[in-house]
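Data first, discussion second: the structure below is written as structure tokens.
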Amino acid sequence: MRVASSAPSPHRGQARRDAILVAATELIAERGAAQLSMSAVARRAKASKETLYRHFGDRTGLLVAALERFAANALGTVPPGAPDESLEEGLQRMGRWYLELALRPEVLSFTRFVAGSAEESPALGRAFTTLVTDPMVGAVRELLSAYGSPGDAAALAEAYLGLLQGKLWNRALLEPELRPTAAAIEAQAMRGARLMARALGEG
């Protein structure tokens, strides 16, 4: 007679890991990354703290994994452009995508936390740059390269994202209670795209 193994299946283990990351992301959005604790995540995910430590090692490991999950999901949401799209329209499309992600409560919370804990936890800062910032710059760089924009496409992409952020992003970063509206995001994307296109001689 065969005895069924009590070890969890790989599928079940992945499902448990995903549930923990969903719980962590929800708590970050609600309370901020700085307030995230393994105990709170365990309660929200209905898991034991031992399970969290087994999957992620420690709190920093959990935060890095949450960043990885966010980045994987976010990069899959880049909206496709129309065949006859102009550079300005493409910039506006990418600008809207970027701002909608950058202004999400959990992303703003991560940004505040990473900036405040860079000396204490440099690994988290490197992870944020590698997993979030670099891919976003890369997506805009690809757009600029496709249009044959003059100059260093990577540097131009970084400049464009900085231009997009402006006062809207700075206020949202420094004023957690502020929730930018869809209209404000659209206006910022339109303004940034127009300025960038004109600077590149396309407007």
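Kindly provide the set of residues from segment 72-82 that are under 21 Å from Arg198 (Cα atoms) and free of Cβ contacts under 8 Å to residues at least 12 places away in the same chain, ordered by number. Working first, answer last.
Step one: of segment 72-82, the residues under 21 Å from Arg198 (Cα atoms) are 81-82.
Once the filter is applied, which keeps residues that are under 21 Å from Arg198 (Cα atoms) and free of Cβ contacts under 8 Å to residues at least 12 places away in the same chain, segment 72-82 yields only Ala82.
Show the residue pairs that are 6+ apart or on different chains and have beta-carbon atoms under 6 Å apart, the first residue being within segment 117-145 and under 26 Å from Ala197 (Cα atoms), the second being part of a helix (DSSP H, G or I) and acidic (Asp, Glu).
Partner pairs satisfying both residue conditions: Val137/Glu158.
Go through segment 167-192 and count every residue that is crowded, with 16+ Cβ neighbours inside 10 Å, within 17 Å of Phe113 (Cβ to Cβ) and either of a type in the set (D, E, K, R) or without any contact (Cβ under 8 Å) to a residue 60 or more places away in the chain (or both).
Counting residues in segment 167-192 that are crowded, with 16+ Cβ neighbours inside 10 Å, within 17 Å of Phe113 (Cβ to Cβ) and either of a type in the set (D, E, K, R) or without any contact (Cβ under 8 Å) to a residue 60 or more places away in the chain (or both) gives 0.
Consider Ala127 carefully, then state whether it is farther than 24 Å from Ala157 by Cβ, touching a helix residue (DSSP H, G or I) at 6+ places or on another chain (Cβ under 8 Å) and in a helix (DSSP H, G or I).
So Ala127 fails the test.
Considering segment 109-124 alone, what residues qualify as being crowded, with 17+ Cβ neighbours inside 10 Å and either in contact with a Pro (Cβ under 7 Å, 6 or more places away or on another chain) or farther than 15 Å from Leu27 by Cβ (or both)?
Keep residues of segment 109-124 that are crowded, with 17+ Cβ neighbours inside 10 Å, which gives 109-111, 113-114, 121, 124.
Thr111, Val114, Ser121, Leu124, listed by residue number.
Per-residue answers, yes or no, for (1) in a helix (DSSP H, G or I); (2) farther than 22 Å from Leu144 by Cβ; (3) under 22 Å from the mean Cα position of the chain (by Cα); (4) not assigned by TED's automatic domain parsing to the domain that holds Ala153:
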{"site": "Ala19", "(1), (2), (3), (4)": "yes, yes, yes, yes"}
{"site": "Thr25", "(1), (2), (3), (4)": "yes, yes, yes, yes"}
{"site": "Ala34", "(1), (2), (3), (4)": "yes, yes, yes, yes"}
{"site": "Ser39", "(1), (2), (3), (4)": "yes, yes, no, yes"}
{"site": "Glu85", "(1), (2), (3), (4)": "no, no, no, no"}
{"site": "Arg96", "(1), (2), (3), (4)": "yes, no, yes, no"}
{"site": "Glu100", "(1), (2), (3), (4)": "yes, no, yes, no"}
{"site": "Leu108", "(1), (2), (3), (4)": "yes, yes, yes, no"}
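Any idea which of Ala102, Ala72 is crowded, with 16+ Cβ neighbours inside 10 Å, closer than 20 Å to Thr25 by Cβ and in contact with a helix residue (DSSP H, G or I) (Cβ under 9 Å, 6 or more places away or on another chain)?
Values: Ala72 fails: crowded, with 16+ Cβ neighbours inside 10 Å.
Going through Ala102, Ala72 in turn, the sole match is Ala102.
How many residues, within segment 125-169, are more than 20 Å from Asn73 (Cα to Cα), over 16 Å from the mean Cα position of the chain (by Cα) and of a type outside the set (A, V, I, L, M)?
Total satisfying the criteria: 10.
The values are calculated or read from the model by the stated rules, or taken from the named source; none is laboratory data. Computed from a prediction, not measured in an experiment: that's the story for all the values here. In this analysis, Cβ positions are derived from the backbone assuming ideal geometry, glycine residues included, and neighbour counts consider all displayed protein chains.
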